[in-house]
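Novice: Before we start, here is the structure in question, set down as structure tokens.
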Amino acid sequence: MKKIWDEEKQTYIRAAISRNTDRENEVLKNRLEAIDWSVLEHIERKETVNERGVFAPLQAVEQSEIASRSGEFRELGLKAIRDGKVGAVLLAGGQGTRLGLDKPKGTLCIGEGKQLYLFEQLICNLTEVTDEAGAFVPLYVMTSNINHADTVSFFEEHRYFGYPKEYVMFFVQEMEPACDFSGRVLMSSNTQPAMSPNGNGGWFLSMIRAGLLPELKQRGIEWLNVFAVDNCLQRIADPLFIGATLAYGCESGAKVVRKADPYEKIGVLCTEDGSPSIVEYYEMTKDMAEDRRDDGELKYAFGVILNYLFSRKRLEKIAKEHMPIHVVEKKVPYIDENGISIKPQQPNGYKFETLVLDMVHMMRDCVPYEVDRSYEFAPIKNLHGVDSLDSARELMKNCGILLS
Ligand code: UTP
């Protein structure tokens, strides 16, 4: 069978082979042979991966309703936590390329005068809930090969920010190769193709591969609250959110915020062919974006903030199904044909990712649970500007979090 290095177009691999010693080539070829290259076929399908069905608006559980049923939701949620039925999953396997850090994103100092780390703030947010419940929530932290050791040692060094170590478990997500825009596999060294984490959608499969399913079952965990590392105002294992999902008898829930304007760049929770789904802002027609209800509210009014609650049993079922693979443009450092190391300033290649938002579409139903964005949404994607460390610091200060 033809090997990847036999393909003439694979100039980076071939150039590395021509430079390498026999011993180095043995290492490289073993690595190349261990990779499933069919992933590259997705480049041709990248426009069609998102061929979508028929969208329709999905009514959210709005803040007014949550306020009127808060006692009931809170009790249900706290009971589920106390009964040990809730686990939390921190998605921290990303590379944070927009932030340009060479360390895990969670190690970012978000304090101004004082040292306050992103991981620390998240643990602090979780502890507010566990203090109220009087019970700990097991926290599963997804890392990648690139940041695993640094993440674990950061938690160790900071004594898990006061959270009990036996309630924190780490697992590593899988990697996929990266290539340039014409499908040439990029090399990160003479013996290593460039590999990147395979997106945040593979987290449950990675948990299974890491042997954590028996652990979840043994602990009696029935619900997993999945959340992103980069929202420092993230409410984790929020009893009201859990309680609302239980009260509505649904198998998933998604925290949503009211869109700031019809064209805000945020994925909107809706239905697609009758099942819950997320329509990306760039997929929305002008009519969809601007369509309003009789009371003047936008029909597609609520955006997701990467905080979901999923039923474990349903996750086990969908683990056997295929998820769409998205071809994403990113900056990928590489070694060129002359052996020179290049650190691109602009996206130069494709990574292959599955996305957690596609899991929502695999659920029977989903509760769109509205939260106040000024208290729960401060994503840090960049250092400055929109969704940045600067904007998050302002939002944290407005919430009374001391940064200095
Ligand atoms: P983003 O989509 O913002 O990606 O991740 P990123 O890698 O952090 O940042 P950029 O795009 O390179 O600048 C959203 C969430 O999903 C996690 C991230 O850690 C973050 O919590 N994630 C992303 C993973 O856990 N694994 C991945 O492969 C990608």
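Novice: Using a Förster radius of 22 Å, what is the FRET efficiency between Tyr281 and Cys399 based on their Cβ-Cβ separation? Nearest 0.05, please. Please list the in-between numbers first.
Specialist: Working: r = 26 Å, r/R0 = 1.17.
Working from the Cβ atoms, E equals 0.30.
Novice: If you count, for each residue, the other Cβ atoms within 10 Å and average over each peptide, how do 197-204, 345-352, 88-95 line up from highest to lowest? Can you show the working numbers first?
Specialist: Numbers: 197-204: 22.8, 345-352: 17.8, 88-95: 24.8.
With the highest mean Cβ count within 10 Å placed first, the list reads 88-95, 197-204, 345-352.
Novice: Taking amide H atoms as placed 1.01 Å from N in the peptide plane, list the residues 5 or more away in sequence, or in a different chain, whose amide H sits under 5 Å from that of Val141.
Specialist: Amide H neighbours of Val141, under 5 Å, 5+ apart: Leu90, Met169, Phe170, Phe171.
Novice: For Glu65 and Glu297, calculate 0.36 nm times their separation in residues minus their Cα-Cα distance, and state this gained length in nm to one decimal. Walk me through the numbers on the way to the answer.
Specialist: Details: separation 232, 0.36 × 232 = 83.52 nm, distance 1.60 nm.
Computed gain between Glu65 and Glu297 is 81.9 nm.
Novice: Something else now. Magnitude of the Cβ-charge dipole of the range 327-404, K/R +1 and D/E -1, about the Cα centre, nearest 20 debye? Could the numbers behind the result be given before it?
Specialist: Numbers: 9 positive and 12 negative charges, 45 e Å.
In total the dipole reaches around 220 debye.
Novice: Order the following by accessible area, largest value first: Tyr163, Tyr375, Tyr281, Tyr334. Probe radius 1.4 Å; ligands, DNA and RNA are ignored.
Specialist: Tyr375, Tyr281, Tyr334, Tyr163
Novice: With the other protein chains left in place, how much accessible area per residue, in square angstrom, belongs to the chain at a 1.4 angstrom probe?
Specialist: 46
Novice: Using a ≥ b ≥ c from the Cα gyration tensor of the range 89-128 (square roots of the eigenvalues), is it rounded, prolate or oblate, where a/c under 1.5 gives rounded and otherwise the larger of a/b and b/c decides, a/b for prolate?
Specialist: Here the range 89-128 falls in the oblate category.
Novice: Shifting gears a bit: Once you charge only the Cβ atoms, +1 for Lys and Arg and -1 for Asp and Glu, what is the size of the charge dipole of the range 1-44 about its Cα centre, to the nearest 20 debye?
Specialist: Dipole size: approximately 200 debye.
Novice: Check Met187: other-chain or 5+ apart residues with amide H under 5 Å from its amide H, H built from backbone geometry?
Specialist: For Met187, the qualifying residues are Ala194, Ile335.
Novice: Are any of the pairs Lys3/Lys351; Lys351/Lys397; Lys217/Lys381; Lys79/Lys217; Lys255/Lys351; Lys79/Lys313 more than 24 Å apart by Cα-Cα distance, and if so, which?
Specialist: Lys351/Lys397; Lys217/Lys381; Lys255/Lys351
Novice: With springs connecting C-alpha atoms under 10 Å apart, model the chain as a Gaussian network and identify which of Ala260, Ala133, Ala301 has the largest mean-square fluctuation.
Specialist: Comparing Ala260, Ala133, Ala301 in the GNM, the peak value goes to Ala260.
Novice: Magnitude of the Cβ-charge dipole of the chain, K/R +1 and D/E -1, about the Cα centre, nearest 20 debye? Walk me through the intermediate numbers first.
Specialist: Details: 49 positive and 61 negative charges, 153 e Å.
Dipole magnitude for the chain comes out near 740 debye.
Novice: Percent of accessible area on the chain owned by carbon and sulfur, 1.4 Å probe?
Specialist: Working: 9020 of 18470 Å².
It is 49 percent, rounded to a whole number.
Novice: If you don't mind, there's one more thing I want to ask. Given points 7 Å out from each Cα along the Cα-Cβ axis, report the Arg159 to Tyr248 separation in nanometres with one decimal.
Specialist: Modelled inter-label distance: 4.1 nm.
Novice: Who wins for biggest fluctuation among Gln63, Gln121, Gln173 in a Gaussian network model of the chain, springs between alpha carbons below 10 Å?
Specialist: Gln63
Novice: Report the accessible area of Glu156, computed with a 1.4 Å probe over the heavy atoms of all protein chains in place, in Å² rounded to the nearest 10.
Specialist: 80
Novice: Stretch Asp6-Glu316 to full length: gain in nm at 0.36 nm per residue minus the Cα-Cα span?
Specialist: Length gained between Asp6 and Glu316: 107.7 nm.
Novice: Also, I was wondering about something else. Using a 1.4 angstrom probe with every protein chain in place, what is the largest-first accessible-area order of Met1, Met207, Met288, Met195? Kindly include the intermediate steps, with their values, before the conclusion.
Specialist: Working: Met1 215, Met207 0, Met288 30, Met195 50 Å².
Per-residue accessible area, sorted high to low, gives Met1, Met195, Met288, Met207.
Novice: Of Phe204, Met359, Leu395, whose Cα points farthest to the positive end of the dipole of the chain (charges on the beta-carbon: +1 Lys, Arg; -1 Asp, Glu; origin at the Cα centre)?
Specialist: Phe204
Novice: Same structure again: Tally Lys/Arg at +1 and Asp/Glu at -1 over every other residue whose Cβ is under 15 Å from the Cβ of Arg209; what's the total?
Specialist: That works out to -4.
Novice: Can I ask one more? Of Asp131, Asp390, Asp230, which has the largest mean-square fluctuation in a 10 Å C-alpha GNM of the chain?
Specialist: Largest GNM mean-square fluctuation: Asp131.
Novice: Now a separate question. Identify the GluC sites (Glu not before Pro) of the range 204-313 meeting these criteria: DSSP loop state and at most 16 other C-beta atoms within 10 Å of the C-beta. Before the final figure, lay out the partial values.
Specialist: Numbers: sites: Glu215, Glu222, Glu251, Glu264, Glu272, Glu280, Glu283, Glu290, Glu297; in loops: Glu222, Glu251, Glu264, Glu280, Glu297.
Of the GluC sites (Glu not before Pro), the ones in loops of the range 204-313 whose Cβ has at most 16 other Cβ atoms within 10 Å are Glu264, Glu280, Glu297.
Novice: Under 8 Å for C-alpha pairs, at least 6 residues apart: give me the relative contact order for the range 202-309, rounded to a whole percent.
Specialist: Details: 116 pairs, mean separation 33.7, N = 108.
Relative contact order, the range 202-309: 31 percent.
Novice: Next question. If I take every Cα pair under 8 Å that is 6 or more residues apart in the chain, average their sequence separation and divide by the length, what percent do I get for the relative contact order?
Specialist: 24
Novice: From the residues Phe302, Phe170, Ala67, which one has its Cα farthest along the dipole of the chain in the positive direction, the dipole being from +1 and -1 charges on Cβ of Lys/Arg and Asp/Glu about the Cα centre?
Specialist: Most positive-ward Cα: Phe170.
The values are calculated or read from the model by the stated rules, or taken from the named source; none is laboratory data. Predicted model only: the values in this text are computed from it and were never measured. Note: ideal-geometry Cβ built from the backbone for every residue, glycine included; neighbour counts use all protein chains shown. Side chains are part of the model used for accessible areas, which takes the heavy atoms of the whole protein and leaves out ligands, DNA and RNA. Shrake-Rupley method; radii C 1.70, N 1.55, O 1.52, S 1.80 Å.
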